[in-house]
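The next block holds one structure in the form of structure tokens; read it before the comments.
Bear in mind that the values in this text are calculations on the coordinates, not laboratory data. All values derive from a computational prediction rather than experimental measurement. In this analysis, Cβ positions are derived from the backbone assuming ideal geometry, glycine residues included, and neighbour counts consider all displayed protein chains.
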Amino acid sequence: MTEPTDSKTVKAGSKTYFFDLRETKEGQPFLTITESRFKGEGQDRERSSIVVFPDNAQDFLEATQGMIEKLS
């Protein structure tokens, strides 16, 4: 995978979220959101990721904003 061109980190207790902008081999940008969580003493951290491409970014943003509004 390519190196991030920009990155943000959010720490939330035993979890850490990484927001990384990357580029495809063709130079097209995409967003990778990775959750890293602590599984327990002496164990490796568990990671899971999702990828958001530009053509889906607006829909992803609207869905996220809508759900965050419902949290309040």
Take the alpha-carbon positions of the stretch 1-60, form their convex hull, and give its projected area averaged over all directions (one quarter of the hull surface) in nm². 4.9 nm²
Cα→Cβ-extended label distance, 7 Å offset, between Ser72 and Ser36, nm: 3.1 nm
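Give me the count of lysine pairs in the chain whose alpha carbons sit under 23 angstrom apart, restricted to pairs 8 or more positions apart or on different chains. Working shown, then result.
Details: Lys8/Lys25; Lys8/Lys39; Lys11/Lys39; Lys11/Lys70; Lys15/Lys39; Lys15/Lys70.
Going through the chain pair by pair, I get 6.
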Spin-label proximity, Leu61 to the stretch 18-36 - amide N less than 19 Å from point 7 Å beyond Cα toward beta carbon: 19-23, 28-34
